[in-house]
Structure formats: C-alpha cells, structure tokens
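These notes are about the structure you will find just below.
The values are calculated or read from the model by the stated rules, or taken from the named source; none is laboratory data. Note that the coordinates shown come from a computational prediction; the quantities given were computed from them, not determined experimentally. Counting neighbours? That spans all protein chains shown, and the Cβs are built from the backbone with ideal geometry, glycine included.
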Amino acid sequence: MLVNLSAMLAAADRGKYAVGGFNITSLETALGIVAAAEAEQSPVILQISEKTIDYMGLDVAVAIAQTLANRVTVPVAVHLDHGKNFELCEQTLKAGFTSIMLDVSQMPKNERIPFVKGFTTRAHRLGITVEVEEDVIGGREDYVRGEAGHFTDPARAAVFVRETGCDCFAVSIGEAHGKPLPNEKLDLDLLCEIDRTVTVPLVLHGASSTPDEVIREAIARGIRKINIDTDLRLAFTKQLRETLKQEDVYDPRDELRPTIASVESVVREKMRLFGSSAQAR
C-alpha cells in the first residue's frame, strides 16, 4: 500500500530500525524489491532516480512503482532520489511521488535554505515528504558526482533543518555512492553529534557494500533510512550474465526472470540487516 514516508520513518525511529530505500533501474528490479518487502513483511521505499526517469519516462517509472505499491499489503513509499534537476523536482510534486529528495549540494550556500524552505512548503501542502542533502557525498552513481565528500557540520545541519522545515536529512560522514572508494570509513562519532543536534530522521546514502557491523552501528546511532542501489545492479548483472551463457535461452522474459529473484535475495538480506523485517505486521 502506498504511504507517506514521514509516517514510515517515524515508526522506524520509535522501533530503532532503518527502512531501505532501494533504487528501481528496470521493471525486474522493481519486482524483486517489492517481492522482498512482501516476503519479509517489511516497509520499503521504491526510489526513482533522474537517470531512471530519463531511461523509461516519468510517467512509466511512477506507474510501475505505484502499481506495485498498490499490489501489496506492506507500506511502500515512492521516492525521487537525488533531485538535482529542480525543474523536474517541480514536476514530480504532481506526478504521484510520496516523497522527494532535493540535492542542493551544488547550489550556492546562501541560496539553499530559502530554496528548500519554499519547495518544502509546496510539498507539504500536497502531503509529500521532503528529504534533503546539503553536503557533497563522495563517489559516482547515475548523475551524482562527488569526487571529494564534504562532511556534515552538526551545527549547520541543525540550523538548516530548523529553517527549511524538511522532513529528513541525508548525512555525509565518509560514505560514497557506487562501489566503495579506497579507505572508505564512516565517522560514527560525527553521526552521533549530528543525531544530537538534528530533530528529523537521518538518511545514509551510498551504503552498498558497507560492512554489516558498520550498518548496525549507524542504525544504533540514529540512521533511519538507508539507500541501496549498486548492490542491486551487481546482483542483477551477475545473474543475467550467467543466464546468457545458456545458448538455448533466447526469450527476453526467460533471460530476465532470474534477475528478479537475485534482486529479491539481496533486498531481503538488507531488510534483515536494517531490522525492518516483520515491522509491517
């Protein structure tokens, strides 16, 4: 069932677990994510990036996510991931998303708070949750380019959240989008400081391949939403390559069907790690 992200994260905060934000890159990944949520009885966030919108179209991407959300009984949020094209972000306000993530890390610093405040006001009138990233997070993924991350300043984050009215805040504590960067290390003490000063749920981007013990500690220190994309792509691609070795398989449906199960398996593992399994019951 389609739900508002704020309510989902409020429940996660009460239960001290995190909800996974899993990116859709194809119909098969979407099917695998939702199947995992139903099997684990876990709330889930279906994330749609700007690159996915460019690939399949805004209307198709949202239709897939909404249709699958309405097919299951577990809570599902449909979320725009890394909204850097602000014209597109305005379009998504009326496209059927239940939450929108603004990435203002490239905007002049003095323009960020007024812009986010205005956007958040418009989104709230429509019952849409707003997540914001202000600091550059390292790594490369889709249209995100962070050659050198800029760590979050807890004092600045507190002011930013208070003045913009945003609903959740993406931290930069050393993580990286895409495949792990060499010597990647999360500053969990900094995360504690941010959690003490910021009053909204915290979000961890770039968590693919982050060690399980680090994920558990991050959740214990306040993370309530965790984004996963690269791990799903790797599982999808590995399975597809294996299937294509079978010369007698030439139906695209038969080629792609096994990838659904591969994505589902990874998502189920993440849900158990995040503590969200059985939280929809």
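Key figures
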| quantity | calculated |
| --- | --- |
| Pairs, first within 15 Å of Gly165 (Cβ to Cβ) in the stretch 93-119, second part of a helix (DSSP H, G or I) and hydroxyl-bearing (Ser, Thr, Tyr), C-beta under 8 Å, six or more apart | Ser99/Ser6; Ile100/Thr92; Ile113/Thr164; Val116/Thr164; Lys117/Thr164 |
| Enumeration of residues in the stretch 73-85 that are part of a loop (DSSP other than H, G, I, E, B) and in contact with a strand residue (DSSP E or B) (Cβ under 9 Å, 6 or more places away or on another chain) | Val74, Pro75, Lys84 |
| Verdict on Val267 being in contact with a helix residue (DSSP H, G or I) (Cβ under 9 Å, 6 or more places away or on another chain) and free of Cβ contacts under 8 Å to residues at least 24 places away in the same chain | no |
| Residue match in the stretch 250-265 (condition: at pLDDT 95 or above and within 20 Å of Ile173 (Cβ to Cβ)) | no |
| Qualifying residues in the stretch 139-156 (those that are surrounded by 23 or more Cβ atoms within 10 Å (Cβ to Cβ) and either among the acidic types (Asp, Glu) or modelled with pLDDT of 55 or more (or both)) - the one nearest to Ala207 (Cα to Cα) | Glu141 |
| Among residues of the stretch 74-97, those that are touching a Cys at 6+ places or on another chain (Cβ under 6 Å) and surrounded by fewer than 20 Cβ atoms within 10 Å (Cβ to Cβ), counted | 0 |
| Those residues of the stretch 88-115 which are over 11 Å from Glu133 (Cα atoms), among the charged types (D, E, K, R) and part of a helix (DSSP H, G or I), in sequence order | Glu90, Lys109, Glu111 |
